[in-house]
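S.K.: My structure is below; once you've seen it, I'll send some questions.
Throughout, read-outs are computed from the coordinates displayed, never taken from laboratory work. Just so we're clear, the structure is a prediction, and the values are computed from it rather than from any experiment. Here the Cβ is made from the backbone with ideal geometry for all residues, glycine too, and neighbour counts use every protein chain on show.
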Amino acid sequence: MDPQEFREAGHRIVDHLADYLEQVEERPLFANVEPRVLRELFDEPLPQEPSSIHSVLLELNEKLLPYCTQVNHPGYFGLITPSPTPVGILGDFIASALNQNLGAYSIGPSAVAMERRTVRWLTDLAGYGPDAGGNLTSGGMMANFVGLKLARDWASGDRAQHEGVRGPWAAYTSEERHVSVDKAADAVGIGREGLRVLPTDEHFEIRLESLEAALTEDRQKGIRPMAIIAMGGSTNTGAVDPLPKLRKIADREKLWLHVDAAYGGGMLLSQKHPGVLEGLKLADSVVMDPHKWFYAPLDAGAILVKDAARLTRSFGIQPAYLTDPLDKESERYNYYVHSFEQSRRFRSLKVWMGFKRYGAREMGRWIDANVDQALRLYERASAHPDFEPAVKPRMSAVCLRYHPAGLGEDRLARLHAQVARRIEQGGRFWISTTLLKGKTWFRVNPVNFRTRPEHLDELFVLLARECSAVLKSS
Ligand SMILES: Cc1ncc(COP(=O)(O)O)c(C=O)c1O
């Protein structure tokens with residue numbers, strides 16, 4: 001591909017994407033197509049001969065674009081994949097062109113500096129001081145894994161990196177934790193059975209008396225408590241555990257306090273709702289995902305640590321072939337030494353560009369608008385005789401359910417699933433269903449800067465209509 005072909009194709013792609021973003025609301029949000037049809041569309045052997053970029057792009061037009069889930073659509077209220085900012089899209093394009101490998105300073109000096117500054121902006125938002133550090137990860141799943149590894153290594157006096165976990169250990173979290181915490185418990189060697197999954201109260205926050213009871217029981221059995229994993233915005237309802245109180249318990253019990261604010265971290269930009277994440281700065285480590293409620297394109301998660309030296313203690317191995325004897329550690333920061341990954345994509349570019357182009361204040365207005373939209377839906381549901389909201393949303397995730405008299409839980413679970421599917425087929429909205437305390441709910445999560453209040457009104461009218469239609473048809 002010569003530079004002229006690259007230039008022409010690039011212009012064409014940008015024009016195409018600009019049209020796509022401008023018209024996104026006019027397209028069906030979700031493609032009603034059988035997975036088999038998609039499999040068959042891509043069913044061909046490895047191409048042996050070249051094709052023109054023109055024909056490759058035509059194929060994308062035919063096979064890929066019509067069947068994408070339109071997360072840019074203002075009616076996408078699904079699984080915390082926000083609308084990416086246009087400047088973030090351009091940032092990723094530039095990152096691929098430059099292909100800086102942030103694993104090692106020598107493969108991206110300015111990119112390393114930019115990533116460190118971006119991490120600093122995030123640690124400042126978290127309320128951490130100058131000793132804090134962190135790195136960008138593929139997402140919250142990876143960042144929670146790193147958080148638990150940091151906890152394990154700290155709790156073992158830096159033996160577990162070498163010896164593994166010896167004897168039974170336990171970590172404490174709530175029933176509203178994300179599944180990544182269970183995977184992390186497995187990956188760091190305490191096992192999923194080492195995770196104490198504790199009940200929540202009516203606000204879906206961890207019950208402290210259950211935590212105290214579990215700690216006492218484990219100590220009596222000779223099981224070693226290691227960490228508390230608190231929610232800083234749960235996936236279902238945006239619940240925030242009582243962080244200052246958890247800090248006190250962690251100090252008394254000598255536990256690491258990790259907070260999963262992968263979704264909720266965006267609330268730190270809110271101007272209308274300050275203090276929702278009160279006590280976040282007391283955590284030893286925090287997960288906060290720019291690719292969630294900071295509207296960056298995938299992928300960009302972040303693990304943030306109050307004491308950056310813990311990263312080095314936990315991950316530091318420096319093989320000879322990667323060591324430059326002339327380096328002074330303070331001048332040449334090698335991410336591979338202080339993190340799990342070696343080759344690392346230049347994730348911070350799109351995050352940095354997003355903060356620069358829009359500013360934290362403008363992004364905060366998007367956050368506040370999303371929270372207002374969730375509250376609007378909550379109020380609609382509260383006022384309707386056949387609907388019930390789970391809890392008043394503190395963030396933008398709202399759960400509501402349809403419960404006309406006389407229907408059992410199994411029937412209601414089927415009804416909610418059928419309605420969510422019908423809404424998907426309608427192509428205007430996408431919502432999910434979830435389980436909270438054994439009951440099925442619709443989960444609606446505005447995380448999109450294109451969404452307007454009227455979209456929530458339209459969704460609620462549609463929900464009410466579809467619920468009664470499904471009820472009548474059964
Ligand atoms: C609270 C929370 N933690 C962690 C994750 C996992 O993040 P990711 O999908 O970026 O790996 C999610 C995903 O939605 C989440 O809501």
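S.K.: Cut-off 17 Å, label point 7 angstrom out along Cα-to-Cβ of LYS439: give me the residues of the range 370-396 whose amide nitrogen falls inside.
M.R.: Of the residues in the range 370-396, 378-393 have backbone N under 17 Å from the label point off LYS439.
S.K.: Something else now. Which length gain, in nm to one decimal place, applies between THR312 and LEU79 when the Cα-Cα distance is subtracted from 0.36 nm times their residue separation?
M.R.: The THR312-LEU79 span can extend by a further 80.6 nm.
S.K.: On a full-extension model of 0.36 nm per residue, what is the gain between ASP457 and ILE94, subtracting their alpha-carbon distance, rounded to one decimal in nm?
M.R.: Full extension of this stretch gives 126.8 nm more.
S.K.: Taking all pairs of different Cα atoms in the range 3-68, averaging 1/r and flipping that mean, what Kirkwood radius in angstroms comes out?
M.R.: 13.9 Å
S.K.: So, in nm, how far is label GLN425 from label GLU362 when the simple model puts each one 7 Å beyond its Cα toward the Cβ?
M.R.: Distance between the two pseudo-spin positions: 4.1 nm.
S.K.: Right, here's the next one. Could you calculate the FRET efficiency of GLN271 with ARG332 from 1/(1 + (r/R0)^6), where r is the beta carbon distance between them and R0 is 41 Å, rounded to 0.05?
M.R.: 0.60
S.K.: Just round it to a whole percent: the fraction of Cα-Cα distances in the range 103-190 exceeding 19 Å.
M.R.: 54 percent
S.K.: If a paramagnetic tag sat 7 Å from the Cα of ALA31 along the Cα-Cβ line, which residues of the range 414-453 would have the backbone N under 20 Å from that point?
M.R.: Correct set: 421-431.
S.K.: Starting from the 7 Å offset along Cα-to-Cβ, what nm value, one decimal, do you get for the label separation of ARG117 and ASP186?
M.R.: Here the answer is 4.1 nm between the modelled labels.
S.K.: Output needed: percent of Cα pairs per 10 Å distance bin for the chain, bins running from 0 to the one holding the longest distance.
M.R.: 4, 18, 26, 25, 18, 7, 1, 0
S.K.: Starting from the Cα-Cα distance between ASP372 and ASP43, subtract it from 0.36 nm times their residue separation and give me the gain in nm to one decimal.
M.R.: In short, 113.9 nm is gained.
S.K.: Could you tell me the largest-minus-smallest coordinate of the C-alpha atoms of the range 360-473 on each of the three principal axes, in descending order and whole angstroms?
M.R.: Computed over the Cα atoms, the extents are 48, 29, 22 Å.
S.K.: For the range 93-355, what does the equivalent ellipsoid look like in terms of its semi-axes, each the square root of 5 times an eigenvalue of the Cα gyration tensor, given largest first in whole Å?
M.R.: 31, 23, 14
S.K.: What is the calculated FRET efficiency for ARG207 to ARG252, with r their C-beta to C-beta distance and R₀ = 22 Å, to the nearest 0.05?
M.R.: 0.80
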